[in-house]
Amino acid sequence: MRRFHRAVCGALLVSCCATASRATADGWHNAALATSSLDQWLADVKAAVPNLDKKMSSSELKAGHDLSEFKKGREKNGSSGSDKKPGKGAPRQGGSIAAELTPEQQQLVGRKANDCLEALAFMDPKNIFPREFPNFQLEKIPKYHKAAKQLLSLMGPVGATAVVGELRSELMGMGRSRAQGVEPRRDYHDELLALLRQAGMRGDVSEADLESLREAASGAKAHPLTGLAQKVQLIITDIEASVELAVLVERIEGIGDAKRKQQLTARARKKLPQAATRELLDAVKVSQAGSPMQKDILKELQQRLDRMSVLDLLRLGESVRESDLARAAAVELGQKRPKFADVKGDLAEIASYLESGDKALAEAARDQMVNAFQRAPVRDCLDWLARGDKRLTPLIWEQLDDRIARAEADRKAGYREVALEVAGDRSSRSVARIAALDLLGRLRDKEAAGPLIELLPQLPRELWGKAGLALEKLTGQRFGPKAGDGVAELNVAVKKWRAWKAQQ
């Protein structure tokens, strides 16, 4: 009776159809011993990719011992130019090792794609018979599977095409398991689907591959291929909708293959009208100056100027300095006077432009911060003062002083109530409570004196001096307490203040 046996040494799968013949079994063992090291298996690849070991967690990957994991690709952030710093808000991408290989190197690594797919499909204890393969360590199988998947990712577009081809064959009823009569692993399809999704999100799946896979997944399918076809279609939809524009643009700018560049460019251009403005700005950061793709992105941004937020306009101005679009963005920015609620979540990043090397951009950012704190609720102003930002503290107090000078009695009363509430709030940070006491002093509102006097005994020691100074500004009296005073001095000050209040 003929039985089909499969086993893998490292990530290399050597297969044969074993019969009762001892010679056949011996032939398998000889082949296995000759290919027992991943280093040997990758020898031809390493000849073309000398630094391949640096992209792995170890250079010693021996079958039957330990199979190290491949290193994760470095994260990329910002521009494709090595001398260009990442821009604000540039996307953080999980870079693939494939991005560090040349197309030629990826092709060489790709020669092992079939071996990896074989390992994922058939390397299973039910296909490896200990009687015939007594030295094969079955407990290492999960690590072999992991190595096969990581190597397919390393191959970049080559590995992606191999995965697509495998899924197409399965969907069309011509997969390797059916052709070879061997039962595949239970989760084989799930692992192929996961590899497809990962490759698609990296931008490694070409438009042609997606189209061929979509075609293979269409139409009526026999069970269990119906479920596989549905999952493939969902992943294709996700790939087309979810790949960040900046990721596509970065891939486009780094690809030498003209056909591949054209495919990705077509996909990126389809995304432009639906992309969020932030997405377009991120894509500008990674695009090459003057490239066709950058021109398309800038054209789309030009059409959105009047709909952009303050932060988007600042980011645009920084991305395309000294251009007509930058000047148009500056004009639009000068007309923006948003409500505080509209910029509240962006204030920290807007403030970062106060130190921009572009003087006009820094002035525009300051103008917007002035507008924000002219409109901000007092509690928000106090929260920002509590941050102790040396750039913003003078600016915020300048706006508060101006608002106090222009405020009518009822508005000043509102300021007073908020300041007293924050000053007495034990859950607030000391810096916020200090800012509230400073605000009370700046109000020069005697109505605040009584509540503040009663608040004195409840304040922590580090606030006593600030409270005494606020009371002095409110009343013109100097009863303390002063910074450094103890409990006795505080008690004396409270008595004096209460006596003064009783005489008013």
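The values are calculated or read from the model by the stated rules, or taken from the named source; none is laboratory data. This structure is a prediction, so every number in the text was calculated from the model and none was measured. Backbone-built Cβ (ideal geometry, glycine too); neighbour counts: all protein chains shown. Protein only, heavy atoms only, side chains kept; ligands, DNA and RNA dropped before computing areas. Shrake-Rupley method; radii C 1.70, N 1.55, O 1.52, S 1.80 Å.
Between GLN288 and GLU462, the modelled labels are 5.5 nm apart [label points 7 Å from Cα along Cα→Cβ].
Taking a point 7 Å from the Cα of ASN491 along the Cα-to-Cβ direction, the residues of the range 432-472 with backbone N closer than 15 Å to it are 457-458.
Between GLU139 and LYS259, the FRET efficiency from the beta-carbon distance, with R0 = 41 Å, is close to 0.40.
Could you tell me the convex hull volume per residue, in Å³, taken over the Cα atoms of the range 236-308? Working shown, then result.
Working: hull volume 5.9 nm³, N = 73.
That works out to 81 Å³ per residue.
With the simple model of a label 7 Å out from the Cα in the direction of the Cβ, LYS295 to ALA348 spans 4.0 nm.
Between ARG429 and ASP401, 0.36 nm times their residue separation minus their Cα-Cα distance comes to what?
Working: separation 28, 0.36 × 28 = 10.08 nm, distance 2.26 nm.
That works out to 7.8 nm of additional length.
Report, to the nearest whole %, how much of the accessible area of the range 226-345 belongs to carbon and sulfur atoms, 1.4 Å probe, protein only. Roughly 50 percent of what the probe reaches on the range 226-345 is carbon or sulfur.
Considering the range 272-427 at the alpha-carbon level, its Rg and Dmax are found to be 18.5, 60 Å.
Within the range 378-428, the ratio Rg/Rh, alpha carbon atoms throughout and Rh by Kirkwood, equals 0.99. Averaging Cα coordinates gives a centre for the range 443-497 and one for the range 280-326; these two points are 54 Å apart. Tell me, how many Å apart are the Cα centres for the range 422-437 and for the range 181-259? Value for the Cα centre distance between the two parts: 56 Å. Normalised per residue, the accessible area of the range 464-504 is 59 Å², obtained with a 1.4 Å probe and no contribution from ligands, DNA or RNA.
Taken over the range 353-501, the percentage of Cα pairs per 5 Å bin, counting from 0 up to the bin with the maximum distance, is 2, 10, 19, 20, 18, 12, 9, 5, 3, 2, 1, 0.
Using θ = phi - 60° in the Karplus curve 6.51 cos²θ - 1.76 cosθ + 1.60, the 3J(HN,Hα) couplings for the range 406-417 round to 9, 6, 7, 4, 5, 5, 4, 4, x, 4, 4, 5 Hz; x is entered for Gly and Pro. CYS381 exposes around 0 Å² of accessible area when a 1.4 Å probe is run over every protein chain in place.
Any chance you could run the full-extension gain for ALA266 through GLU207? It's 0.36 nm times the residue separation minus the Cα-Cα distance, nm to one decimal.
20.4 nm
With a Förster radius of 60 Å applied to the beta-carbon distance between ALA341 and LYS126, the computed FRET efficiency rounds to 0.45. Kindly state, to the nearest 0.05, the FRET efficiency for ARG366 paired with ARG444, given R0 = 35 Å and r defined as their beta-carbon distance. That gives a FRET efficiency of 0.80. Surface composition of the range 386-475: carbon and sulfur make up 46 percent of the accessible area, probe 1.4 Å.
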